[in-house]
Amino acid sequence: MTEPLSTPLRRRREPPPSRAGGVALGLLRTARPRQWVKNVLVAAAPAAAGVLLTPAVAARTAIAFAAFCLAASGTYCVNDALDAEADRQHPRKRTRPVAAGVVPPRAALTAGAVLLAAAVAVGAAASPAFALVVVAYGVLTVAYSLWLKHVAVIDLLAVSAGFVLRAASGGVAADVVLSEWFLIVTSFGALFVVTGKRHGEMAALGSDSAVHRATLARYTPGFTALVLTASLSITLVGYCLWAFEQAAGTGLGWFAASIVPCVAVLLRYAQLVHDGRGSDPVELVFSDRGLQAGGALWALTLVGALTLS
């Protein structure tokens, strides 16, 4: 009896990947922590009032930032669960964990509900009024995911309102009175950014844009250009009037000087939007050196003005 020259090697069985770990990591991706930079807007009102560095105000502003990070992540989870089917048809969004099948829609909805509830609880630590603002933000964004995003123009206003609530919430948390100029600049600045996002989506998706977002069929490059021009103009005029008013009241030229980097940043952003690169504002800010340099100079002039006033 002869022995076989060789015997097949028994293939080692690898343990299956942990689905729980995959879901947990997928939920973290769905929460989009990179987008939390938007919530820095909660510091805008106390910073403009010159009280941000006051210990009590700084603490409440930090709580407000944390609450909005939780709320935003919660709404992202809800939105991705509701939009999973549509996202699968999108060239970029199809890699999102829910659309890719990594995270079950029910798990995303559960996580969203938990995060939104946690946001309200954390917000209550700042003040009951701030907690109500967080509730309003949650209601608005969920309504957007369910209905408002399907109505042309209203979708622009709804997303813009989300930015305005972020900015206004800092004033509520810090008990700072919001000026008319502040509300004008934040409202139309938000509309400018949101319209630029739609303009970028149209440029990136081309003829398929209406397939991925129905309201894009109602928009034309001419319309978005009109809204961009109007919103940018009002933002610039509102900021200039605020800066000159502050300069006249304090006798400091720093406020007026801040107009120059403000104009530079907004025009640079408008140029990038015109090039079709506005579909992801956060990515644009992180990647463009011109925006970063202009933003840093703008911040320095404002810090100088607020410190000396």
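The values are calculated or read from the model by the stated rules, or taken from the named source; none is laboratory data. Just so it is clear, the model here is predicted, and its values are computed rather than measured. Here the Cβ is made from the backbone with ideal geometry for all residues, glycine too, and neighbour counts use every protein chain on show. Please note that ligands, DNA and RNA were not included when accessible areas were found on the heavy atoms of the full protein model with its side chains. Shrake-Rupley method; radii C 1.70, N 1.55, O 1.52, S 1.80 Å.
Every residue, every condition in (1) out of contact with any Gly (no Cβ under 6 Å at 6 or more places or on another chain); (2) under 25 Å from Val159 (Cβ atoms); (3) small (Gly, Ala, Ser); (4) at pLDDT below 85, yes or no:
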position: Ala190; (1), (2), (3), (4): yes, yes, yes, no
position: Thr195; (1), (2), (3), (4): yes, yes, no, no
position: Val211; (1), (2), (3), (4): yes, yes, no, yes
position: Ser233; (1), (2), (3), (4): yes, yes, yes, no
position: Phe244; (1), (2), (3), (4): yes, no, no, no
position: Pro261; (1), (2), (3), (4): no, no, no, no
Of all residues making up segment 47-64, the number that are surrounded by 20 or more Cβ atoms within 10 Å (Cβ to Cβ) and either modelled with pLDDT of 90 or more or in contact with a His (Cβ under 7 Å, 6 or more places away or on another chain) (or both) = 4
Pick from Ala81, Ala99, Ala72, Ala108: which is in a helix (DSSP H, G or I) and out of contact with any Pro (no Cβ under 9 Å at 6 or more places or on another chain)?
-> Ala72
Quick one: how many residues across segment 117-137 are assigned to a helix (DSSP H, G or I) and either of a type in the set (S, T, N, Q) or more than 18 Å from Gly171 (Cα to Cα) (or both)?
-> 3
Based on what the data block shows, is Ala126 open to solvent by less than 20 Å² (accessible area, probe 1.4 Å) and closer than 30 Å to Ala299 by Cβ?
-> yes
Collect the residues in segment 31-65 that are within 14 Å of the chain's Cα centre (by Cα) and either of a type in the set (Gly, Ala, Ser) or in a helix (DSSP H, G or I) (or both), keeping them in residue-number order.
-> Ala31, Pro33, Arg34, Gln35, Trp36, Val37, Lys38, Asn39, Val40, Leu41, Val42, Phe65
Residues of segment 134-159 satisfying the condition of being farther than 22 Å from Phe223 by Cβ, of a type in the set (Val, Ile, Thr) and touching a residue at least 40 places away in the same chain (Cβ under 8 Å) = Val134, Thr141, Val142
Selection count where residues are in a helix (DSSP H, G or I) and open to solvent by 30 Å² or more (accessible area, probe 1.4 Å), scope segment 168-181 = 3
Taking the condition open to solvent by 60 Å² or more (accessible area, probe 1.4 Å) and of a type in the set (Gly, Ala, Ser), does Ala203 pass?
-> yes
Filter pass, Val114 being under 19 Å from the mean Cα position of the chain (by Cα) and in a helix (DSSP H, G or I) = no
